[in-house]
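Working notes, beginning with the structure itself.
The values are calculated or read from the model by the stated rules, or taken from the named source; none is laboratory data. Treat the numbers as computed from the prediction; the structure is a model and nothing was measured. With ideal geometry, Cβ positions are generated from the backbone for all residues, glycine too; neighbour counts draw on all protein chains shown.
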Amino acid sequence: MGAWLTIIILGNIIWWDVSDDKPNSKPSPTESPSTPIQWIFQGQGCSDGWLSSSIGKRGACSHHGGVTTFYHSDIGNLATTCGPRYQPKTLERAQELADSSGNVACDFSQPAG
């Protein structure tokens, strides 16, 4: 048993490549850079834009499409009404889903979880 342990340890030392420990400074061609994005709660209102003082009460915005929660991105000056489960996780994905005014659609392509 001791001989096998010695062979394994020596084998790892001999074939160990110092370049394996260096951080990869450039992404590989198959990887795309990604910038994490955070969505910050901005408030709630009616889905059609009506400002209601009844938010939080039963029937609030019932004639205005229901209550919607608004979020703003920490970078990129983007906005969304998507819940946390469907908010884009990277700035690049959010920009792909954004319209010309910076409103970001929900990212339904993300795995459920």
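Worth pointing out:
- Scanning the stretch 57-79 for residues being part of a loop (DSSP other than H, G, I, E, B) and free of Cβ contacts under 8 Å to residues at least 24 places away in the same chain gives a total of 10.
- Identity of the residue in the stretch 35-56, at pLDDT 90 or above and not in a strand (DSSP E or B), that ends up surrounded by the most Cβ atoms within 10 Å (Cβ to Cβ): 37
- Test result for residue 42, touching a Phe, Trp or Tyr at 6+ places or on another chain (Cβ under 6 Å) and free of Cβ contacts under 8 Å to residues at least 40 places away in the same chain: yes
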